[in-house]
1. I'd like to check something: does the stretch 68-83 contain any residue that is open to solvent by 80 Å² or more (accessible area, probe 1.4 Å), at pLDDT below 90 and part of a helix (DSSP H, G or I)?
2. Only residues that are β-branched (Val, Ile, Thr) and outside any helix (DSSP H, G or I): list them for the stretch 18-50, please.
3. For the stretch 15-37, which positions are open to solvent by 30 Å² or more (accessible area, probe 1.4 Å) and either among the hydroxyl-bearing types (Ser, Thr, Tyr) or out of contact with any helix residue (DSSP H, G or I) (no Cβ under 7 Å at 6 or more places or on another chain) (or both)?
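The values are calculated or read from the model by the stated rules, or taken from the named source; none is laboratory data. Remember, predicted model here, so these are calculated numbers, not experimental data. In this analysis, Cβ positions are derived from the backbone assuming ideal geometry, glycine residues included, and neighbour counts consider all displayed protein chains. Please note that ligands, DNA and RNA were not included when accessible areas were found on the heavy atoms of the full protein model with its side chains. Shrake-Rupley method; radii C 1.70, N 1.55, O 1.52, S 1.80 Å.
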Amino acid sequence: FSGAWDMYRAYRDMREANYIGADKYFHARGNYDAAQRGPGGAWAARVIRRRPTMCLRLTLRRAAEKRTRAGQEGNAWGRNGGDPNRYRPAGLPSKY
């Protein structure tokens, strides 16, 4: 349950920040936070991130695939313990 909360919090922050170029950072951050909770958190990160990806591909194939590739890179980076700040865009408010 905590891993799902981590994913939701990153998604909520991404929507709130509405910052161009920050998607990959928030994907990495959500996955990183969830994965730090152990195998259950990493599992939640994989399952939760697949669902929106599938929907996006069906509705907005071209634009979605570009965003999805970037998001998947961030997902994998964070899930494997990589520092999400690798993808932090310059100028993103420090509250995120």
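1. Here is the first cut: in the stretch 68-83, the ones open to solvent by 80 Å² or more (accessible area, probe 1.4 Å) are 69, 73, 77, 80, 83.
Then drop every residue that is not at pLDDT below 90, which leaves 69, 73.
Checking the rest, the ones that are also part of a helix (DSSP H, G or I) come to 69, 73.
Yes - at least one qualifying residue is present in the stretch 68-83.
2. The first filter runs over the stretch 18-50 and keeps only residues β-branched (Val, Ile, Thr), leaving 20, 47-48.
Across the stretch 18-50, the qualifying residue is only Ile20.
3. Of all residues in the stretch 15-37, those open to solvent by 30 Å² or more (accessible area, probe 1.4 Å) come to 15-16, 18-21, 23-24, 27, 32-33, 36-37.
Scanning the stretch 15-37 gives Arg15, Glu16, Asn18, Tyr19, Ile20, Gly21, Tyr32, Gln36.
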